[in-house]
Amino acid sequence: MACNLSDSQIAEAYSQVLSNDGIDWMVIGYGSTRDRLSLYASGDGGVTEMALHVPDEVVFCFISFEGSRVLVTHVAEKI
């Protein structure tokens, strides 16, 4: 099964994180779908702010942190 990444907000946020253009993290997830990812949140407050936007489900977080770019896969305990 292919994953649908057609949400234009994902590409825009990803580009901004890569270029340090206003945001330094983003969180994407499936929501109520099984194959379509959506942008949940993005911001410029670093790891602390990003952690506040990680829901209790499977999500993917991308962050620019201490000169590196890090992809985090979060799987909630209830999963």
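Throughout, read-outs are computed from the coordinates displayed, never taken from laboratory work. Just so it is clear, the structure is predicted and the values come from calculations on it, not from any experiment. No Cβ is skipped: glycine too gets one built from the backbone with ideal geometry, and neighbour counts run over all protein chains shown.
Table for the structure above
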quantity: Relative contact order computed over the stretch 25-79 (Cα-Cα under 8 Å; 6+ residues apart), in percent; calculated: 33
quantity: For peptides 66-74, 6-14, sequence by mean Cβ density within 10 Å, most packed first; calculated: 6-14, 66-74
quantity: Computed FRET value (nearest 0.05) for Ile79 with Arg36, which takes r as the C-beta separation and R₀ as 22 Å; calculated: 0.75
quantity: Entry for Cα extents along the principal axes in Å (calculated from the structure that is shown) out of (1) 35, 25, 20; (2) 85, 32, 19; (3) 33, 28, 16; calculated: (3)
quantity: Extension reserve of the Asp56-Val72 stretch, reckoned as 0.36 nm per residue once the Cα distance is removed; calculated: 4.3 nm
quantity: Neighbourhood net charge (12 Å Cβ-Cβ; Lys/Arg +1, Asp/Glu -1) for Val58; calculated: -1
quantity: Mean residue ellipticity (222 nm) of the chain, computed from DSSP H runs ≥ 4 via -39,500 (n - 2.57), nearest 500; calculated: -6500 deg cm²/dmol
quantity: Helix 8-19 vs. the chain, principal-axis angle (Cα, 0 to 90°, nearest 10); calculated: 30
quantity: Net charge of neighbours whose Cβ lies under 15 Å from the Cβ of Thr48, counting Lys and Arg as +1 and Asp and Glu as -1; calculated: -4
quantity: Summed residue charge, Cβ within 14 Å of Arg69's Cβ, Lys/Arg positive, Asp/Glu negative; calculated: -3
